[in-house]
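K.L.:
Here you go, one structure.
The values are calculated or read from the model by the stated rules, or taken from the named source; none is laboratory data. Predicted model only: the values in this text are computed from it and were never measured. Note: ideal-geometry Cβ built from the backbone for every residue, glycine included; neighbour counts use all protein chains shown.
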Amino acid sequence: MHPMTPDLGQGGCQALEDAVILGRHIGTSFVQNGRVLVPKEMSEVLGKYVEERRWRVALVIMGSYFSGWVQQAGSGWGMKFLRDVIFYKFIYLKMVKYVNCDCGKLDF
């Protein structure tokens with residue numbers, strides 16, 4: 001579960017990325033153990049999954065919150081300048097590039 005606002009449209013995308021990456025980690029463990037799930041290794045598998053996802057998800061959550069704040073914070077001259085000149089021309093372009101992700105392949 002990712003507590004993010006809908007301002008970047010990434011909630012469902014993050015869930016799909018989670019499924020692929022978690023599946024990859026579980027699948028790797030499954031193959032390495034002779035196609036058997038070993039319950040004792042699941043905590044290690046989950047730890048690897050969390051380590052891989054932690055910072056990407058945190059940055060997308062912060063970016064989504066910041067995007068919503070800038071776009072909905074008001075219409076004063078300072079906010080218009082921040083939103084129209086700084087945010088849309090510089091920051092938003094970098095954020096949109098960051099939401100693209102290659103989750104890797106499921107080779108099983």
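K.L.:
Residues in the stretch 57-95 that are under 16 Å from Cys13 (Cα atoms) and without any contact (Cβ under 8 Å) to a residue 12 or more places away in the chain: how many?
P.N.:
Total meeting the criteria: 2.
K.L.:
From the list Val38, Val20, which one is in contact with a Leu (Cβ under 9 Å, 6 or more places away or on another chain), among the β-branched types (Val, Ile, Thr) and modelled with pLDDT of 90 or more?
P.N.:
Details: Val38 fails: in contact with a Leu (Cβ under 9 Å, 6 or more places away or on another chain).
None of the others qualify; the one that does is Val20.
K.L.:
Still on this model: Among (1) in a helix (DSSP H, G or I); (2) surrounded by 15 or more Cβ atoms within 10 Å (Cβ to Cβ), there is one condition Trp55 misses while meeting the rest; what is its number?
P.N.:
Of the numbered conditions (1) in a helix (DSSP H, G or I); (2) surrounded by 15 or more Cβ atoms within 10 Å (Cβ to Cβ), the odd one out for Trp55 is (2).
K.L.:
Then there is this: When only residues in the stretch 82-102 that are assigned to a loop (DSSP other than H, G, I, E, B) and surrounded by 11 or more Cβ atoms within 10 Å (Cβ to Cβ) count, which is modelled with the highest pLDDT? First the steps, then the outcome.
P.N.:
Of the stretch 82-102, the ones assigned to a loop (DSSP other than H, G, I, E, B) are 99-102.
This time we only want the ones that are surrounded by 11 or more Cβ atoms within 10 Å (Cβ to Cβ), so: 99, 101.
Values: Val99: 78, Cys101: 82.
Result: Cys101.
K.L.:
Might you check whether a residue that is under 30 Å from Ala19 (Cβ atoms), at pLDDT below 90 and either in contact with a His (Cβ under 8 Å, 6 or more places away or on another chain) or not hydroxyl-bearing (Ser, Thr, Tyr) (or both) occurs anywhere in the stretch 74-81?
P.N.:
Within the stretch 74-81 (the criterion being under 30 Å from Ala19 (Cβ atoms), at pLDDT below 90 and either in contact with a His (Cβ under 8 Å, 6 or more places away or on another chain) or not hydroxyl-bearing (Ser, Thr, Tyr) (or both)), the answer is no, since none of the residues qualifies.
K.L.:
Can you tell me which residue within the stretch 29-41, out of those that are without any contact (Cβ under 8 Å) to a residue 12 or more places away in the chain and closer than 18 Å to Leu106 by Cα, is farthest from the chain's Cα centre (by Cα)?
P.N.:
Initial filter on the stretch 29-41 (without any contact (Cβ under 8 Å) to a residue 12 or more places away in the chain): 32-40.
Narrowing the set further to residues that are closer than 18 Å to Leu106 by Cα leaves 32-37.
Numbers: Gln32: 27, Asn33: 29, Gly34: 32, Arg35: 29, Val36: 30, Leu37: 27 Å.
Per the stated criteria, the residue is Gly34.
K.L.:
Kindly indicate the residue of the stretch 23-51 that is charged (D, E, K, R) and surrounded by fewer than 11 Cβ atoms within 10 Å (Cβ to Cβ) and also farthest from Cys103 (Cα to Cα) among those meeting that condition.
P.N.:
Here is the first cut: in the stretch 23-51, the ones charged (D, E, K, R) are 24, 35, 40-41, 44, 48, 51.
Still in the running and surrounded by fewer than 11 Cβ atoms within 10 Å (Cβ to Cβ): 35, 40, 51.
Working: Arg35: 22, Lys40: 25, Glu51: 14 Å.
Filtering first and then ranking leaves Lys40.
K.L.:
Just a yes or no: is a residue in the stretch 58-81 closer than 14 Å to Cys103 by Cα and either among the polar types (S, T, N, Q) or in a helix (DSSP H, G or I) (or both)?
P.N.:
At the first step, the residues of the stretch 58-81 found to be closer than 14 Å to Cys103 by Cα are none.
Scanning the stretch 58-81 turns up no residue that is closer than 14 Å to Cys103 by Cα and either among the polar types (S, T, N, Q) or in a helix (DSSP H, G or I) (or both).
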